[in-house]
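Visitor: This structure is in structure tokens; I'll ask about it shortly.
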Amino acid sequence: MTERIRALRDFFITQRGHHPFRRKWDPEQAAKGFRQEGLSPFDRACRRLTQLLEEEKPLIFPEQRILFVRTIPSVPELFSREEEAALRQKYHIHERGDISNICVDYETFLTLGLPGMIRKLEECYARAGSEVTPGFFAGELAVLRGLTDLVGRYRDEALRQGNPAADTLSALLKGPPETFAQSLQLMRIVHFTMWLGGNYHNTLGRIDCYLSPWLERDLEKGLLTEAEAFELLEEFFLTFNLDSDLYPGMQQGDNGQSIVLGGCDLDGQPVFNRLSRMALEASLELRLIDPKVNLRVSRKTPLSVYELGTRLTSQGLGFPQYSNDDVVIPGLIAQGYAPEDARNYAIAACWEFIIPKKGMEIVNIDALSFAEVTRKSILEHLSECGEFDVLLEKVCADIRLEAKAICEKIGTVYLYPAPFLSLMMEGCVELGRDISEGCVYNNYGIHGTGLATAADSLASVEAYVYGDRSVPKQTLCKAMETDFEGEPELLHKLRFEAPKMGCGSPEADCIGAELLEAFADGLEGLSNDRGGHYRAGTGSAMYYLWHAKNLGATPDGRRAGEPIPANFSPSLFARCPGPVSVLHSFSAPNLQRTINGGPLTIELHDTLFRTPDSISKVAALIRSYILAGGHQIQINAVNRDRLLDAQRHPEQYRNLIVRVWGWSGYFVELDREYQDHIIRRTEYQSY
């Protein structure tokens, strides 16, 4: 790390020296007038963004070379509370209503630049027919011209200060980027504007594919050394952390600023280039929560790539997260994605698979609780089922019904307009319509929580109710209803002696696979309100906390209200002999059918990362899961004693980073329930 980057990191991250320059801002006052003027939702979105671009003040610090820092801390709402309430009465409004979790067409913006994007809009306007949304092109042009004006004001301020970034901005005002520095600056401008427009969880996609031409051109021409390019890349990564405390999410860090490295090109040929390696090394050196790194791998990926990723994991950042092209790409094709689009997949905020510039998909629209459905089904059907297979089919039937019910409940979705994103999604400008109306792919993703809890519950029933018959049906049902009151021996037996996923139990593993199949079957053939379909997933997001709170006692020995695992992971009560058995269990299902995503999450003690030999062993462990057919995996380097001490002395651990579910955050800034869940996860100290 150069002295310049070290100084910037200290100023922005440790000192938060830019925070005092944020302005007092009343978002409600700024939003007043939209309704009185009778503005359409699209016009409101354009007006809001152009006003914010006009109000932003250039903020430049001496060591910066990649500019743009937020000075307005909040974005006004598009609708009044009364208007929003009326919309929610009529439609399904997902989360905040704003579009999130999509990957836009950064390549076109980089290729055309700001002036070229304006020309493209003007040309499309000239060809537009009468079916175009009134005011579409006028609003879009106002946004781009407002952005151009802000770039000009930044250029002028940089000139006044004698900052070399003035030359970069001057070039971008004239045309598309011609150098690596210019391409990174334009990417920062685009990313800044997406957040300013009210959109969130803005993933950057496959940066090593679309930014490499500028890097290689500069290196070939001798305009940059690799060390100089690396310094620019580190500063670019640093910019993701400047305003992240202003971004919406469940907790700070849950902001969706992810990048994807590696994988294959549109023809299926492997991609892991110079920029892929530099990005991993920059993240390793900076040790910040953003951007989150996702690494696409396959059976063709050499061990050396896994080793580089494992070095990053060893820092405790909770990434990279690995996605298996050998499973994901065929799974997406089977879901109706064109092969070239499936090969170009990126990752949304957490783990969900999305298609850059073509997917207007809501990847986390709801979640199915395997544990809740299984519990209710056992209580309802256990007494009447003479054989375990009959009970299992009853549970699977109920899962299929619950999946359908979730889709029916969603109904018609309303998304708020996103004029800036619409500039970078296929067909929107050409057709003169906002991205909120849909794109090439319009599918919805359904998470699945508590799979291991459900599978372990059924495995216990199979072993003790139908197997050795040591637990009568009535006894088990009563214990579930009374939270094991007066049944300490039964509680211990179910919690610690019964079969568990991840513990080498083929019975539990097979049950887990059947439950996933039932989930996928329940969504098969269903269409949503936009003509898309539903994708089953193995991720949990924040639902693993929500679903556990109201979940009664389960036959795996879990008491009412106790936690369920996050994502695709063993129960917190499973005494797994080691990570190898976990990997074996969680690669058993046909994961191509649950292709919304959701990683196997494993915690390894940080002592397992301290030597080159141990790094290689962990890398080989990850690779074995990929070769076995696992779809996603994230490995966390943790130390339980350190986490407990951080709870007691948070002031000493301000920079301690942990993986929460699909994102990483600063441990001491998390709510206590997240901290406690992370501490309770199984920590493997050897294997």
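The values are calculated or read from the model by the stated rules, or taken from the named source; none is laboratory data. Small disclaimer: the values here were computed from a predicted structure and weren't measured. When we count neighbours, we look across all protein chains shown, and the Cβ atoms used for this are built from the backbone with ideal geometry, even at glycine. Note: accessible area is taken over every heavy atom of the protein model, side chains too, but ligands, DNA and RNA are not part of it. Shrake-Rupley method; radii C 1.70, N 1.55, O 1.52, S 1.80 Å.
Visitor: How many nm is it between the label spots at Glu178 and Ala128, if each spot is 7 Å from the Cα in line with the beta carbon?
Guide: Between Glu178 and Ala128, the label points sit 3.3 nm apart.
Visitor: So which trypsin sites (Lys or Arg not before Pro) in the stretch 458-534 pass both tests, a DSSP loop state and at most 15 other Cβ atoms within 10 Å of the Cβ?
Guide: Numbers: sites: Arg469, Lys473, Lys478, Lys493, Arg495, Lys500, Arg530; in loops: Arg469, Lys500, Arg530.
Sites meeting the loop and neighbour criteria: Arg469.
Visitor: Right, next: Place a +1 charge on the Cβ of each Lys and Arg in the chain and a -1 charge on the Cβ of each Asp and Glu, then give the dipole magnitude about the Cα centre in debye, rounded to the nearest 20.
Guide: Values: 73 positive and 94 negative charges, 214 e Å.
The dipole magnitude comes to about 1020 debye.
Visitor: A further question on this structure: Efficiency by 1/(1 + (r/R0)^6): what FRET value for Thr475 and Ser624, r their Cβ-Cβ distance, R0 = 35 Å, to the nearest 0.05? Let's see the in-between values first.
Guide: Numbers: r = 41 Å, r/R0 = 1.18.
Rounded to the nearest 0.05, the efficiency is 0.25.
Visitor: Can you return the lysines within cross-link range of Lys120? Criterion is Cα-Cα under 17 Å, with same-chain partners fewer than 8 residues away left out.
Guide: By straight Cα distance, Lys120 reaches Lys174, Lys357.
Visitor: If you don't mind, there's one more thing I want to ask. Give me the angle, in degrees from 0 to 90, between the Cα long axis of helix 303-313 and the longest principal axis of the Cα atoms of the chain, rounded to the nearest 10.
Guide: 90
Visitor: Still on this structure, please answer the following. Using only DSSP helix segments of four residues or longer, with each worth -39500 (n - 2.57), what per-residue ellipticity at 222 nm results for the chain after dividing by its residue count and rounding to 500? Kindly include the intermediate steps, with their values, before the conclusion.
Guide: Numbers: 28 runs with 313 residues, N = 687.
After summing the helix terms and dividing by the residues of the chain, the value is -14000 deg cm²/dmol.
Visitor: Holding the Cα-Cα limit at 24 Å, pick out from Lys394/Lys473; Lys376/Lys409; Lys57/Lys292; Lys221/Lys358; Lys409/Lys549; Lys90/Lys409 the pairs that are longer than that.
Guide: On the way: Lys394/Lys473 16 Å; Lys376/Lys409 20 Å; Lys57/Lys292 28 Å; Lys221/Lys358 34 Å; Lys409/Lys549 22 Å; Lys90/Lys409 13 Å.
Exceeds cut-off: Lys57/Lys292; Lys221/Lys358.
Visitor: Enter the per residue convex hull volume of the stretch 461-548, computed from alpha-carbon coordinates, in Å³ rounded to the nearest integer.
Guide: Values: hull volume 14.0 nm³, N = 88.
Spelled out: Cα convex hull of the stretch 461-548, divided by residues, is 159 Å³.
Visitor: If I model the stretch 531-687 as equal point scatterers sitting on the Cα atoms and use the Debye formula, what is log10 I(q)/I(0) at q = 0.20 Å⁻¹?
Guide: These q points yield log10 I(q)/I(0) values of -1.43.
Visitor: Considering only Val305, Val190, Trp546, whose Cα is most displaced toward the positive end of the charge dipole of the chain, charges sitting on Cβ of Lys, Arg (+1) and Asp, Glu (-1)?
Guide: Farthest towards the positive end: Val190.
Visitor: Sort out for me the Cα centre separation of the stretch 381-412 from the stretch 231-271, rounded to whole Å.
Guide: Distance between centres, Cα-based: 39 Å.
Visitor: For the stretch 497-626, what is the charge dipole size about the Cα centre, in debye to the nearest 20, if Lys and Arg each add +1 at the Cβ and Asp and Glu each add -1 at the Cβ?
Guide: Details: 11 positive and 13 negative charges, 70 e Å.
So the dipole magnitude of the stretch 497-626 works out to roughly 340 debye.
Visitor: Antiparallel versus total DSSP beta bridges in the chain: what percent is that, nearest 5?
Guide: Values: 11 of 40 bridges.
Antiparallel bridges: around 30 percent, rounded to the nearest 5.
Visitor: Next question, about the same structure. Could you look at the chain and say what percent of its accessible area is carbon and sulfur, using a 1.4 Å probe and all protein chains?
Guide: Values: 12170 of 25110 Å².
Carbon plus sulfur share of accessible area: 48 percent.
Visitor: Which FRET efficiency, nearest 0.05, do Arg654 and Asp521 yield, Cβ-Cβ r, R0 51 Å?
Guide: Values: r = 48 Å, r/R0 = 0.93.
Efficiency computed from Cβ-Cβ geometry: 0.60.
Visitor: How large is the Kirkwood hydrodynamic radius of the stretch 174-283, counting all unique pairs of alpha carbons, in Å?
Guide: By the Kirkwood definition, the hydrodynamic radius is 15.0 Å.
Visitor: Could you work out how far apart the two model spin labels at Ala334 and Trp25 are, taking each label as a point 7 Å from the Cα in the direction of the beta carbon, and quote it in nm?
Guide: In this crude label model, Ala334 to Trp25 measures out at 4.6 nm.
Visitor: Still on this structure: Per residue, what accessible area does the chain have, given a 1.4 Å probe and all protein chains present, in Å²? Each step should come with its number before you reach the end.
Guide: Numbers: 25110 Å² over 687 residues.
Per-residue accessible area for the chain comes out at 37 Å².
Visitor: I've got another one for you. What net charge is computed for the residues neighbouring Lys358, neighbours being all others with C-beta under 9 Å from the C-beta of Lys358, Lys and Arg scored +1, Asp and Glu -1? Please report the intermediate quantities before stating the final value.
Guide: Details: positive: Lys357; negative: Asp105, Asp341, Glu426.
Net charge in that neighbourhood comes out at -2.
Visitor: Additional query: How many Å³ per residue does the convex hull of the Cα positions in the stretch 40-193 occupy? Can you show the working numbers first?
Guide: Numbers: hull volume 20.5 nm³, N = 154.
Per residue, the Cα convex hull of the stretch 40-193 comes to 133 Å³.
Visitor: Run the paramagnetic zone check for Asp167: 7 angstrom along Cα to Cβ, then residues of the stretch 194-227 with backbone nitrogen under 12 Å.
Guide: In the stretch 194-227, the label zone of Asp167 (backbone N under 12 Å from the point 7 Å along Cα→Cβ) covers 223-224.
Visitor: Still on this model: Could you give me the radius of gyration and the Dmax of the stretch 103-213, taking only the C-alpha atoms into account and expressing both in angstrom?
Guide: 15.0, 49
Visitor: May I ask for the equivalent-ellipsoid semi-axes of the chain, computed as the square root of five times each C-alpha gyration tensor eigenvalue and listed largest first in whole Å?
Guide: On the way: eigenvalues 384, 169, 106 Å².
Computed over the chain, the values are 44, 29, 23 Å.
Visitor: Once the Cβ-Cβ distance between Arg274 and Arg6 is put in as r, and R0 is 22 Å, what FRET efficiency do you end up with, to the nearest 0.05? If you can, show how the numbers build up before the last one.
Guide: Values: r = 24 Å, r/R0 = 1.07.
Efficiency for this residue pair is about 0.40.
Visitor: Here is a further query. Taking Cα atoms of the stretch 1-110, Rg/Rh with Kirkwood Rh, to two decimals? Could the numbers behind the result be given before it?
Guide: Values: Rg = 18.4 Å, Rh = 17.2 Å.
Taking Rh as the inverse mean 1/r over Cα pairs, Rg/Rh reads 1.07.
Visitor: Same structure, new question: Starting from the alpha-carbon convex hull of the stretch 212-362, give the projected area averaged over all orientations, in nm².
Guide: Details: hull surface 39.7 nm².
Directional mean of the projected Cα hull area for the stretch 212-362 stands at 9.9 nm².
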